[in-house]
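What follows is one structure encoded as structure tokens, with my remarks underneath.
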Amino acid sequence: MAKIHVTTIINGAPTEFLCEPNQTLLDVLRDNLGLTGSKEGCGSGDCGACSVTIDGRLVCSCLVLAPEAEGAKVETIEGMAKGDKLHPLQKKFIEMAALQCGICTPGFLVASRALLERNNNPTETEIRFWLAGNLCRCTGYDKIIHAVLDVAAEMRETAK
Amino acid sequence: MSDVQYKVAKTVREAASLMLAAKGKGRILAGGTDLLVQMKSGMVAPGVIIDVKKIPEMTTITDTKGSFRIGAATPAAVIGEHKKLKKTWPGVVEAINLIGSTQVQGRASAGGNLCNASPAADSVPALVAAGAVVTIQGPKTRRQVPVEKFAAGPGKTTLKPGEIVVSMTLPARPRGAGDAYLRLIPRTEMDIAVVGCGVSLVMKGDTCVSARVGLGAVAPTVLLVEAAGKALTGSKLDDAALDAAANACSAACRPIDDKRGTIRYRTKIAGVLLRRATAIARDRANGISHQAH
Amino acid sequence: MSNAPNTSGKYKWIGSRPDRPDGADKVTGRARFAADFNLPGQLIGRVLRSPHAHARIKSIDASKAEALPGVKAVVTAKDFPEQADLTVPAGEMQVNLRDITRNIMAREKVLYEGHAVAAVAATTDAIAKQALSLIKVDYQILPHVIDVGEAMRPDAPVLHDHLMTDGAKPPATKASNIAKRIEFAKGDIAAGFAKAEIVIERDYTTQAVHQGYIEPHAALASASEDGQVQVWSTTQGHFQVRGFCARLLNIETSQIRVTPSEIGGGFGGKTVVYLEPLAIRLSQKSGKPVKMTMSREDVFRASGPAPGGNVKVKIGAMKDGRIVAAHCEVAMQAGAFPGSPVGPACMCSFACYDIDNIHVVGFDVVSNRPKVAAYRAPGAPISAWAVESTIDLLSQQLKMDPIDLRLKNAATKGTKTHYGVTFGTIGMVETLEAAKASPHYQTPVKPGFARGVAAGFWFNVGADSSAAAHVGEDGSVTVISGNPDIGGSRASLALMAAEELGVDYDKVRPVIADTASIGFNFVTGGSRVTFATGLAVVNSVRDLIRELKGRAAKTWNVDPDGVIWENGMAKPAGSNVGTFEPLTIAQLAATAGRTGGPINGHAQLNVTGAGPGFGVHVVDLAVDADTGIVSIGRYTAAQDVGTAIHPSYVEGQLQGGAVQGIGWALNEEYIYNAEGRLSNPGFLDYRIPVASDLPMIETVLVEVPNPTHPYGVRGVGEVPIVPPTAAVGNAVARATGVRMLDLPMSPPKLSAALDAALPRMAAE
């Protein structure tokens, strides 16, 4: 089969690419589009380092075929900051040392944002179960959970 | 240039025809959370990938006089957000919502889970307990089959060439009904079930008037344990009834030793989960709600 | 809590929690890890790996692969020169070059499933994978052996015909799988056991576990026609990569330039090479850059895990709790080639305690599994599992508080270890006391839960570091060193530099230089960077200050001895020197051309005096008796950290190591099938802890400064993985009455042990 032409919107920008039918969205993001912020930790949906959202839904981009992005809105880590303004979660992760090596960080940020967009008052348990699909080997998760709790509290404050 | 083709089907009929035309080398793409993993490992090398996510019948949930029809390709996260379905069938919904991580939930479907035919599939024991019926579309005909008769063995279904699963239908629920699904996994998330148990029952007062038990990961296919259902039916769900039902589950097990559990362990856990799932189902039947965690 | 200096306490910057310098890049996805690098025209390299655990290679026919359009190079063992039988350091372990060249590419035999047999470079990944399938390898399958006990048997299949047990008593006469026997002794062990009033003896086992870094190995190599080579690699030691590749490929080290990418976790597993030599050779043969990444399955099958081992422990004590005799025998898996960390396992075994009579024996055993690599305090967690469980048995038998029992026997300054070192200033007692005083320990155990305590030790190392400090034309300072930053060390180095220089943290920019741009640095490992590279950075800043003072002296036309450095400025030492306004770095930089040119400082050293670390962990957990599921309710890690330069990152080390240990205790293990193939080469069935498995990990940072470092730094990264397995096992024993001896304590195993104990417990 000849390459497939895909038209999509990535981080708000209309984007077109050519891909093989069996290329994953992760491969296209990283190899065709230079968006290397999403990482491959396992290639089988077990680690969450490739997390993106498609039409607002949190997914593993290694489990999405690139042609499936046709007509969809894809958000990756590269779209999280607005210009040079970091998202509150990004700021908080730095401030609270919620990263050590940083390889899992893009996935955690994308996943955490998806959570807080749905629920700005999650309990610690809800956060942990929501993020269970994001593996971290460096931090033991503690500071990541604290960071998400703090940002949620700040969001609720701002909303008042 | 790769050999595989990717096609988007617009109707159920089209999808079935494409499957037939692929002569055994076609694979349905719903969430892809099993298919892509199998393609990457080399276990599966499809000739044609048929994307069914643009077919409304396969991606919607409809409620007809209390009977729910769930499109086979509906993402688990969407199912979890359906308030009425969740209220009516908390066990079925929690089972579907246990398939994988939040990311996997964004894509995985009950139809995919069923068709992958893993003996450890999380959605299936609850669907079996619920008495779900699977609607199958072939190139020429449509048919129905009870969910417990759908799988043929590990990784094998009873689908004929050119057939695809369109939806699962849950019967209308009488008053006093409750269901629950529990699985045993070594961690708290992200594991394949070592044992999965779905229980659906109807209470009239303190008597159980009907019960169905589905048991997963303990045999080549998910089991409908009729003896367990019988042991609970007509009882007050007292210790004797629970013991009998638990023993029936352990007796029905034909598990294997593998990297996830031993025969001994699975057999024991089947009974343990039966007791616990029954308690939750009974509470729900009596109007007491339970959160998964 | 961001960049504000710490105004309380003795330091201006050290001890504060500023933003790390690579933070913005890491949270935006801009930071580049090895797989994020690409070069124009690059080829993709892939490795063909053995499907057999043990086989002789009769022939390899790569002709069809070479002929496939798009394939530009194929390599096998014949592309790598033979190596001498020479042992060199690799992180905290030792490796033999003749073994390493065989590990990166099999020669006479394949020795484990996943062993590299050939590699190809092609224009696309798909073509590279297709090329692998066209390579025909003729194997003669041999019997294999996996388990360490099985491998030690006289009738076991032998991996290396030349391997005779070094240190065998009596000397070995025929080849076996026991590479080495080592022994340590202190005092008179027989006399010790003779006088002991209580003797406890158990046999323990642990399984191999992987470091579990989320970033798979990856490298990009580009070879030029003139013999120069450039490499980008995810590594804990780019000088190590350079050194290995130089030897393995017969290239001069100055011809190889290695740039470390950001590294997505290493924990010791990235102190060796796998892909780099292959990528270089493929690049040389094809004339194009070659990019190689490992799949997750290959990471599990073919990169070094930590060994498992069988450990026998026997301790003798008096009724008052004083331990008078301690014996331990460790048989440790090395994987396919010798070199397990059995030495450190033996040395750490009783290091937490002051015991008069100690005897430790260790065996390094090969078997048909991937060659082990370092994993956070290599070897120590395995002996600690056994020793700390046994000490807990003693505390149970004596009905003595487990912390009090350890206090009674704690090592202190002046304690002579059984491996010959006498401790200087250490913090074992302080850490025990801090654990006892912790909010966790002071809180009664909740109903349904039980509490476990365990201690742990690691030496920490010093070794070689080079650093430099350069002043820019505007007076801002760049601090250059050569250690990949795994856990936030750049921030700590900048904090120490800022403190030393007397300027704000934001005015100091730390940079990690490639192998051509800074002097030699030993690996990031051994808990050494904040300590040893920190010292090099401090010394390079002191050198810079000397230079800056000299420039001020020239400017004022006074003797350099008349200039002092204070709060980031040069000042006259006293009014007798003259009345001069202080000069800032910016001012000195502005006139640098007239006072001697560019202003730089540098330092290089081989650092000794690394202070050892001690940790004490407390865990409260519950066991579901029907299912064997363990739920961790509360966890505290207390540790002597010297001086916490950046407390957040010190806490992070304790938390991360503790959680790795919890995984080791509960679910992580390598599962092999009857054919010697790994059944769980993926994160689905190799079960590391997920966020929902854990509570918050409380930390207690005990500061007993290391007197050999200007800021009292003690390495902290490795100790935290040593206590958790026994802490968990001790809590499980107190929760259930059942003492688990074998790791991991996974639900099916714990359930079986609980059920087996029922008749006995019912009878009691």
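For B:V145, indicate whether it is in a strand (DSSP E or B), assigned by TED's automatic domain parsing to the domain that holds B:D34 and free of Cβ contacts under 8 Å to residues at least 24 places away in the same chain.
Yes: the conditions hold for B:V145.
Are any residues in the stretch A:66-111 closer than 24 Å to B:G32 by Cα and not in a helix (DSSP H, G or I), and if so, which ones?
Those that are closer than 24 Å to B:G32 by Cα and not in a helix (DSSP H, G or I): A:E70, A:G71, A:A72, A:K73, A:V74, A:E75, A:T76, A:C104.
Could you please tell me which pairs satisfy a Cβ distance under 8 Å, a separation of 6+ or placement on different chains, a first residue in the stretch A:37-56 that is away from chain C (no Cβ under 11 Å) and free of Cβ contacts under 8 Å to residues at least 40 places away in the same chain, and a second residue that is in a loop (DSSP other than H, G, I, E, B) and not acidic (D, E)?
As it stands, the answer is A:I54/A:V64; A:I54/A:A72; A:I54/B:G106; A:D55/A:A72, since those pairs meet every condition given.
Name the pairs: first residue in the stretch B:1-27 and free of Cβ contacts under 8 Å to residues at least 60 places away in the same chain and over 23 Å from A:L18 (Cβ atoms), second residue of a type in the set (K, R) and part of a loop (DSSP other than H, G, I, E, B), Cβ to Cβ under 9 Å, at least 6 apart or on different chains?
B:K10/B:K54
Only one of these conditions is not met by C:A610: (1) more than 23 Å from the chain's Cα centre (by Cα); (2) away from chain A (no Cβ under 14 Å); (3) in a loop (DSSP other than H, G, I, E, B). Which number is it?
So C:A610 meets the others, but not (1).
Table: residues versus (1) away from every other protein chain (no Cβ under 14 Å); (2) surrounded by 14 or more Cβ atoms within 10 Å (Cβ to Cβ); (3) assigned to a loop (DSSP other than H, G, I, E, B); (4) in contact with an Asp or Glu (Cβ under 7 Å, 6 or more places away or on another chain).
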position: C:R594; (1), (2), (3), (4): yes, no, no, no
position: C:A603; (1), (2), (3), (4): yes, yes, no, yes
position: C:H617; (1), (2), (3), (4): no, yes, no, no
position: C:D626; (1), (2), (3), (4): no, yes, yes, no
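Scanning the stretch C:123-171 for residues that are of a type in the set (K, R) and not in a helix (DSSP H, G or I), which turns out nearest to C:A65 (Cα to Cα)?
C:K136
Can you say whether C:E698 is over 23 Å from B:P186 (Cβ atoms), over 24 Å from the mean Cα position of the chain (by Cα) and not in a helix (DSSP H, G or I), as far as the supplied structure shows?
So C:E698 fails the test.
Only one of these is β-branched (V, I, T), buried (at least 24 other Cβ atoms within 10 Å of the Cβ) and within 14 Å of another protein chain (Cβ to nearest Cβ): B:V195, B:V213, B:V199. Name it.
B:V195 is the lone residue from the list that is β-branched (V, I, T), buried (at least 24 other Cβ atoms within 10 Å of the Cβ) and within 14 Å of another protein chain (Cβ to nearest Cβ).
Scanning for something closer than 27 Å to C:I518 by Cα, under 38 Å from the mean Cα position of the chain (by Cα) and of a type in the set (K, R), does the stretch C:548-565 turn up at least one residue?
No, the stretch C:548-565 has no match at all.
Cβ-Cβ under 7 Å, sequence separation 6+ or interchain: first residue in the stretch A:140-152 and under 15 Å from C:T699 (Cα atoms) and in the same structural domain as A:A98 (by TED's automatic domain parsing), partner in a helix (DSSP H, G or I) and among the small types (G, A, S). Which pairs?
Listed pairs, sorted by first residue: A:G140/C:G656; A:G140/C:A658; A:Y141/C:A691; A:K143/C:G652.
If we keep just the residues of the stretch A:39-55 that are in a strand (DSSP E or B) and aliphatic (A, V, I, L, M), which is farthest from the chain's Cα centre (by Cα)?
A:I54
If you scan the stretch A:74-95, which residues turn out to be under 17 Å from A:H146 (Cα atoms) and within 7 Å of chain C (Cβ to nearest Cβ)?
A:Q90, A:F93, A:I94, A:E95
Among the residues of the stretch A:20-36 satisfying the criterion of being farther than 18 Å from B:A45 by Cα and more than 17 Å from the chain's Cα centre (by Cα), which is nearest to the other protein chains (Cβ to nearest Cβ)?
Filtering first and then ranking leaves A:D31.
Considering the stretch C:431-463 alone, what residues qualify as being modelled with pLDDT of 95 or more and either more than 30 Å from C:Y353 (Cα to Cα) or assigned to a loop (DSSP other than H, G, I, E, B) (or both)?
C:S438, C:T443, C:P444, C:V445, C:K446, C:P447, C:G448, C:F449
Hey, which of the helices (runs of 4 or more DSSP H) in the stretch B:1-104, taking only ones fully inside, have at least 3 residues that are touching a Leu at 6+ places or on another chain (Cβ under 8 Å), of a type outside the set (D, E) and more than 14 Å from chain A (Cβ to nearest Cβ)?
Qualifying helices (runs of 4 or more DSSP H): B:90-96.
Mind checking whether some residue in the stretch A:95-110 is under 30 Å from C:Q236 (Cβ atoms) and surrounded by fewer than 24 Cβ atoms within 10 Å (Cβ to Cβ)?
yes
Confirm whether C:L97 is within 24 Å of the chain's Cα centre (by Cα), crowded, with 17+ Cβ neighbours inside 10 Å and aliphatic (A, V, I, L, M).
Taking the combined requirement at face value, the residue satisfies it.
Considering each of C:G633, C:G656, C:G652 in turn, give the residue that is of a type outside the set (S, T, N, Q), at pLDDT 95 or above and under 17 Å from C:A380 (Cβ atoms).
Unique residue meeting the criteria: C:G656.
Surrounded by fewer than 19 Cβ atoms within 10 Å (Cβ to Cβ) and touching a Leu at 6+ places or on another chain (Cβ under 6 Å): is that true of B:P154 in this structure?
It is false that B:P154 is surrounded by fewer than 19 Cβ atoms within 10 Å (Cβ to Cβ) and touching a Leu at 6+ places or on another chain (Cβ under 6 Å).
Taking the condition among the hydroxyl-bearing types (S, T, Y) and farther than 11 Å from C:D364 by Cα, does C:T165 pass?
No.
Here are some residues: C:R102, C:R107, C:R181. Which one is surrounded by 20 or more Cβ atoms within 10 Å (Cβ to Cβ), touching a residue at least 24 places away in the same chain (Cβ under 8 Å), among the basic types (K, R) and more than 14 Å from chain B (Cβ to nearest Cβ)?
C:R102
With a cut-off of at least 1 residues that are within 30 Å of A:Q100 (Cα to Cα), name the helices (runs of 4 or more DSSP H) lying wholly within the stretch C:8-121.
Helices (runs of 4 or more DSSP H) meeting the threshold: C:23-28, C:97-104.
Does C:E388 satisfy being charged (D, E, K, R), buried (at least 23 other Cβ atoms within 10 Å of the Cβ), out of contact with any Phe, Trp or Tyr (no Cβ under 7 Å at 6 or more places or on another chain) and assigned to a helix (DSSP H, G or I)?
Answer is yes for this residue.
Restricting to the stretch C:161-211, give me the number of residues that are of a type in the set (V, I, T) and within 23 Å of C:G343 (Cβ to Cβ).
Count: 7.
When the stretch A:99-126 is examined, which residues are found to be at the interface with another protein chain (Cβ under 9 Å from one of its Cβ atoms), over 18 Å from A:C60 (Cβ atoms) and touching a residue at least 24 places away in the same chain (Cβ under 8 Å)?
Those that are at the interface with another protein chain (Cβ under 9 Å from one of its Cβ atoms), over 18 Å from A:C60 (Cβ atoms) and touching a residue at least 24 places away in the same chain (Cβ under 8 Å): A:L99, A:Q100, A:C101, A:E124.
Consider the stretch C:663-682. How many of its residues are in contact with a Leu (Cβ under 8 Å, 6 or more places away or on another chain), farther than 15 Å from C:Y375 by Cβ and either more than 10 Å from every other protein chain (Cβ to nearest Cβ) or touching a residue at least 60 places away in the same chain (Cβ under 8 Å) (or both)?
Of the residues in that region, 1 qualify.
The values are calculated or read from the model by the stated rules, or taken from the named source; none is laboratory data. Worth saying up front: this structure is predicted, and the values here are computed from it rather than measured. Every residue, glycine as well, gets a Cβ built from its backbone with ideal geometry; the counts of neighbours run over all protein chains shown.
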